1. When the gyration tensor of region 184-363 is built from Cα positions, what are the square roots of 5 times its three eigenvalues, in whole Å, from largest to smallest?
2. In the Gaussian network model of the chain, springs joining C-alpha atoms below 10 Å, which of Ala336, Ala254, Ala370 carries the largest mean-square fluctuation?
3. Test of understanding: extend the Cα→C-beta vector of Leu226 to 7 Å, then name every residue of region 245-275 with backbone N under 14 Å from that spot.
4. Taking the simple approach of a point 7 Å from Cα along Cα-to-Cβ for both Asp188 and Asn109, what is their distance in nm?
5. Please list 165-177, 140-152 highest first by mean number of surrounding beta-carbon atoms within 10 Å per residue.
6. Could you tell me which of His223, Ala207, Leu235 has its Cα farthest along the dipole of region 197-238 towards the positive end, charges placed at Cβ (Lys, Arg +1; Asp, Glu -1), taken about the Cα centre?
7. Once whole DSSP H runs in the chain are found, which of them have Cα atoms spread over 24 Å or more along the helix axis and a mean Kyte-Doolittle score of at least 0.0?
8. Which distance in Å, rounded to a whole number, links the C-alpha centroids of region 40-77 and region 83-116?
Amino acid sequence: MRILTSLTYYHPHYSGLTIYAERLARALVERGHQVTVLTSRYDRSLPATQDLDGVHVIRAHVLMRLSKAVVMPTMFYWAWKNIRQADIVHLHLPQLDAAYIALISRLLNKPVVLTYQCDLRLPAGLINSIANQGSYLANHISFRLANEVVTISLDYAEASTFLHHYLSKIRAILPPVELIPPTQADIDAFLRKAKLERGQRIIGMAARLATEKGVEYLVEAMHEILKQHPTARVLYVGQYQNVMGEEEYYRKLAPQIQELGEHWTFLGNLSPAELTTFFQKCEVTVLPSINSTEAFGIVQVESMSCGTPVVASDLPGVRQPVRLTGMGCVVPPADAHALAQAIIEVLDHPEHYQGDESDVIKRFAPQRIAEEYEQLFEDIIKNHRVSKVMR
């Protein structure tokens, strides 16, 4: 099967969406399919074309940026050329280009599947408002042209003010999750970076430093946590400086984080094996997201796969990993006190939040998720061919 996948950002850009797309593309290649990814050349140092783990990546030139979105004049050309060669087109939303890619696919009589990752909720501002409206319009056009839509959970779809209009087209497929087993060298490298000391109570958070992640509530919660656990320390993994569209957010938080001193450490991006070590060394990880831009939180499953419980916001979709596994607890979003109390509870009684790690790993294995997508793609292609004959 020849699959054309399109999304705004791809590896080496790091986000839940790009990780999802990369793991799925790689797993589909391993199952014998030909996967081409059409994305942006958001960093000019990246090659225009590249093969990554058997996935052919085409990066369109970026003319300008609109908040986190990008304008790519040559994207139309690359889409037209590659859709003609594809058996099915797979679009990851939100993506401003999705509407005309879906339209080209319809004109060329190629079936389209959307994976709707999340609602777009950018911070206030004129440019962000334009990007929000543009994304909303593109989503509606794409949905009307799509054969079927995938979301991570029905919990999220049913609560979304956008998705509930299209529930008849939607099916839920869990995200692909995998962790790389660390070698001793990987463990040593992580320990050098983290500088762990005996007796510290390690709280982890893995995310880009972005407004929707609710980092400020963990910062505020730390003051309460430290009264109960004076050796508590946050290890923050992920890009935290120069995050596109989030520079002002970082500047606002920086003084508050600096006040925590040795109780907060930014580790930046880690290698896949070091990330596994991170989850293994944490006693609890946190996902205090505040709005529907967060639809699930793959990092929760990564944490649980290492036996580490999670405290997450009680938001549609985000609460699903805890509901599925029992490995953690959920708290009201944007509530620093509730967040602090839940973290203290997990630190004090970790035995209450243990689960079956092997079942978590099996349920979210990329090959299992790729098999579900494969069956979906094959069914749609078959039905599409039948409808063509009937016409």
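1. 21, 19, 17
2. Ala254
3. 255-265
4. 6.2 nm
5. Details: 165-177: 16.8, 140-152: 20.2.
Highest mean packing first, the order is 140-152, 165-177.
6. So the residue furthest toward the plus end is Leu235.
7. Helices meeting the span and hydropathy rule in the chain are 126-145.
8. What the calculation gives is 17 Å, centre to centre.
Throughout, read-outs are computed from the coordinates displayed, never taken from laboratory work. Nothing here was measured: the structure is a model prediction, and the numbers come from that model. Cβ atoms come from the backbone with ideal geometry, glycine included; neighbour counts cover every protein chain shown.
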